[in-house]
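Trainee: The structure under discussion is supplied below as structure tokens; questions concerning it will follow.
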């Protein structure tokens with residue numbers, strides 16, 4: 001039976017070693033440790049000490065190989081449960097019945113850091129965070145078969161996000177940096193800057209913190225109090241650099257989803273906002289639609305700060321509806337998140353599954369097939385190819401969705417020239433029934449409206465063939481008209497003449513000038 005003994009060697013002072021730890025260390029023919037220069041091991045012969053890699057896969061592989069040849073002794077700073085190696089070995093033990101793990105406790109890293117930082121209760125609900133977990137991943141995945149979105153768009157190099165975020169800001173946290181990393185692997189200023197950048201993703205820059213530099217015996221040589229924005233490298237400690245972050249109150253956790261959920265539940269909870277508590281799913285419909293159009297307005301303008309704000313307003317609508325549903329016992333936000341996460345994974349087998357070599361056409365085909373399977377599983381089979389268009393959708397995007405669905409069913413023109421011919425045909429039919437003078441609307445108004453609708457429908461199909469979004473194109477045209485008309489008004493104002501007094505040729509001249517200037 002293979003035995004791995006994990007010994008906690010405490011913060012550094014040999015006097016803090018337990019008697020059991022001393023006995024095993026003195027009798028072991030070989031000891032592996034991530035910190036072979038640890039003061040608690042200084043009395044041992046260097047010949048028995050073997051360095052353990054700091055990278056977890058390499059460390060785990062080495063210990064496994066050594067365990068195959070006999071018993072292994074690992075000396076770990078602090079308490080063995082402070083280390084990821086212990087967690088990984090426990091997981092391995094669950095599948096390898098021949099593996100035996102023996103734990104010899106030591107003074108925990110949590111206790112050491114709390115004592116050094118002063119006034120920090122080690123029995124509080126404190127997170128113990130290895131600073132290495134706060135370093136963002138490498139920007140580029142060299143094994144990736146295809147580039148990320150930003151690289152495909154030519155915007156810049158891909159930077160991976162730190163997901164999941166390694167801290168819960170509403171709980172206090174202890175962050176520690178090993179001297180091994182500072183001396184051998186990383187520049188101190190770079191490492192501290194990385195930690196500071198990651199913390200600023202969720203914490204306000206004004207958030208208070210406490211830093212301490214510990215010596216080899218786990219005692220604080222210096223303590224610094226300040227804010228997250230003021231952190232700098234104040235010195236390289238002999239043993240550990242420790243940081244204590246007090247918890248954020250829920251109302252201050254404004255850069256995380258949990259913080260916004262807390263705000264929404266407070267608004268709709270007891271003693272919340274009177275106006276918010278009077279609303280229903282139905283009364284919020286208009287506001288939801290308005291927020292969607294404001295997002296579209298920001299997109300059309302290319303205004304990224306406005307887009308950030310408007311997306312927040314749209315997200316608020318999702319959270320309010322979810323909280324109302326939770327209080328009514330229908331569903332809660334977790335159901336919403338679970339359904340969309342599962343749906344995206346299910347509908348992207350080329351990303352999350354074993355489907356390889358999928359091009360855009362294959363992706364779209366699979367998407368429709370998976371959607372059909374999902375509807376069938378829910379008993380929602382569609383009776384016709386045009387089913388599934390939301391009834392509240394505006395007429396122009398509805399037309400484009402209808403022609404797209406019809407095309408997928410095989411009902412489509414063969415060439416774009418045929419589509420152009422259909423547009424010209426509908427235009428000619430409209431011209432045939434529409435009046436050619438300034439007379440009031442004729443008695444044939446219903447027929448005119450019908451032909452005009454046919455023309456719009458044909459142009460929506462043309463937009464599909466041109467790979468355009470008809471609604472977006474029309475919004476851009478509207479915005480362009482507004483810009484040019486505002487310039488026409490300005491030019492007329494410069495001349496001191498109202499538009500209503502100008503001739504058609506004068507207005508046309510102003511319009512052409514406005515086109516050139518805008």
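Trainee: Can you name every residue in region 34-68 that is surrounded by fewer than 16 Cβ atoms within 10 Å (Cβ to Cβ) and under 39 Å from the mean Cα position of the chain (by Cα)?
Mentor: 51, 53, 54, 55, 56, 57, 58, 61, 65
One line per residue, one yes/no per condition, for (1) at pLDDT 90 or above; (2) in contact with a helix residue (DSSP H, G or I) (Cβ under 9 Å, 6 or more places away or on another chain); (3) assigned to a loop (DSSP other than H, G, I, E, B):
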site	(1), (2), (3)
138	no, no, yes
159	no, yes, yes
162	no, yes, yes
168	yes, yes, yes
181	no, yes, no
191	no, yes, no
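Trainee: Kindly check whether there is at least one residue in region 89-101 that is in contact (Cβ under 8 Å) with a residue 60 or more places away in the chain, within 35 Å of the chain's Cα centre (by Cα) and part of a helix (DSSP H, G or I).
Mentor: Yes, because at least one residue in region 89-101 is in contact (Cβ under 8 Å) with a residue 60 or more places away in the chain, within 35 Å of the chain's Cα centre (by Cα) and part of a helix (DSSP H, G or I).
Trainee: Among (1) buried (at least 17 other Cβ atoms within 10 Å of the Cβ); (2) at pLDDT below 95; (3) closer than 23 Å to residue 133 by Cα, there is one condition residue 203 misses while meeting the rest; what is its number?
Mentor: If we test residue 203 against (1) buried (at least 17 other Cβ atoms within 10 Å of the Cβ); (2) at pLDDT below 95; (3) closer than 23 Å to residue 133 by Cα, just (2) comes out false.
Trainee: Would you point out which residue out of 327, 373, 369, 317 is closer than 29 Å to residue 404 by Cβ, part of a helix (DSSP H, G or I) and modelled with pLDDT of 95 or more?
Mentor: The match here is 317.
Trainee: I would also like to ask the following. Report, by residue number, each residue of region 93-127 that is in contact with a helix residue (DSSP H, G or I) (Cβ under 8 Å, 6 or more places away or on another chain), modelled with pLDDT under 85 and surrounded by fewer than 17 Cβ atoms within 10 Å (Cβ to Cβ).
Mentor: The answer is 121, 122.
Trainee: If the requirement is being touching a residue at least 40 places away in the same chain (Cβ under 8 Å), outside the structural domain of residue 129 (by TED's automatic domain parsing), surrounded by fewer than 17 Cβ atoms within 10 Å (Cβ to Cβ) and in contact with a strand residue (DSSP E or B) (Cβ under 8 Å, 6 or more places away or on another chain), which of these qualifies: 20, 28, 75?
Mentor: 20
Trainee: Being in contact (Cβ under 8 Å) with a residue 60 or more places away in the chain, closer than 30 Å to residue 375 by Cα and either surrounded by 15 or more Cβ atoms within 10 Å (Cβ to Cβ) or not assigned by TED's automatic domain parsing to the domain that holds residue 289 (or both) narrows it down to one of 390, 397, so name that one.
Mentor: From the options 390, 397, the qualifying one is 397.
Trainee: While we're here: When you go through 515, 484 one by one, which is the residue that is in a helix (DSSP H, G or I) and under 26 Å from residue 394 (Cβ atoms)?
Mentor: 484
The values are calculated or read from the model by the stated rules, or taken from the named source; none is laboratory data. All figures in this text were calculated on a predicted structure; none of them were measured in a lab. Cβ sites come from the backbone with ideal geometry, for glycine too, and all protein chains shown count toward neighbours.
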